[in-house]
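Throughout, read-outs are computed from the coordinates displayed, never taken from laboratory work. Bear in mind the structure is a predicted one, so any value in this text is a computation, not a measurement. Cβ sites come from the backbone with ideal geometry, for glycine too, and all protein chains shown count toward neighbours.
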Amino acid sequence: MANYLIIEIGGKQVWVEKNKYYNVNKIFASKGEALWVNRVLLISSKNKRFIGQPYLSNTKVLVEIVNHLKGPKLIVYKMKPKKKYRRKNGYRHQFTQIRIKEVYA
């Protein structure tokens, strides 16, 4: 049983633990779907650590897609003084909320 893992998902490395929820970059999968993540970089147990080079072979993590979310709104404002140039755009980053169901090492 692993205490924690470091996995690569959505282009980022995330420190995860079993049965916890995490927000990662948007994953194009439907809500409630289960995915296998085989990009495991590190497993830490009570007394041992296993480090992959770059990934651990024969190690998989079962991930459940819980929800798709949007982050807070960011305002992008461009302006050139004395030229009457103003552009205002909003942006909201899209996230996917996942839950770590099982670790197979």
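Here is how the numbers come out for the structure above:
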{"read-out": "Sequence-separation-based contact order of region 4-104, relative, with Cα cut under 8 Å and 6+ spacing, percent", "value": "32 percent"}
{"read-out": "In order through region 34-42: 3J(HN,Hα) via Karplus (6.51 cos²θ - 1.76 cosθ + 1.60), integer Hz, x for Gly, Pro", "value": "9, 10, 9, 10, 10, 8, 9, 8, 8"}
{"read-out": "Among Pro81, Pro54, Pro72, residue whose mean-square fluctuation peaks in a GNM of the chain (springs only between Cα atoms under 10 Å)", "value": "Pro81"}
{"read-out": "Hits among lysines - C-alpha to C-alpha of Lys60 under 29 Å, sequence gap 8 or more where chains match", "value": "Lys12, Lys18, Lys20, Lys26, Lys31, Lys46, Lys48, Lys70, Lys101"}
{"read-out": "Test item: Cα-centred dipole of the chain, Lys/Arg +1 and Asp/Glu -1 on Cβ, debye", "value": "1280 debye"}
{"read-out": "Dimensionless Rg ratio for the chain, taking C-alpha atoms and the 2.2 N^0.38 Å reference", "value": "1.47"}
{"read-out": "Backbone HN-Hα couplings from phi across region 13-30 [Karplus 6.51/-1.76/1.60, Hz, Gly and Pro as x]", "value": "9, 10, 7, 10, 10, 5, 6, 10, 9, 9, 9, 10, 4, 4, 10, 7, 9, 7"}
{"read-out": "Sites matching trypsin sites (Lys or Arg not before Pro) across region 1-34 that sit in DSSP coil, with at most 11 neighbouring C-beta atoms within 10 Å", "value": "Lys20, Lys31"}
{"read-out": "For region 79-92, Karplus couplings with θ = phi - 60° (6.51, -1.76, 1.60), whole Hz, Gly/Pro x", "value": "8, 10, x, 6, 10, 6, 10, 9, 9, 10, 10, x, 8, 10"}
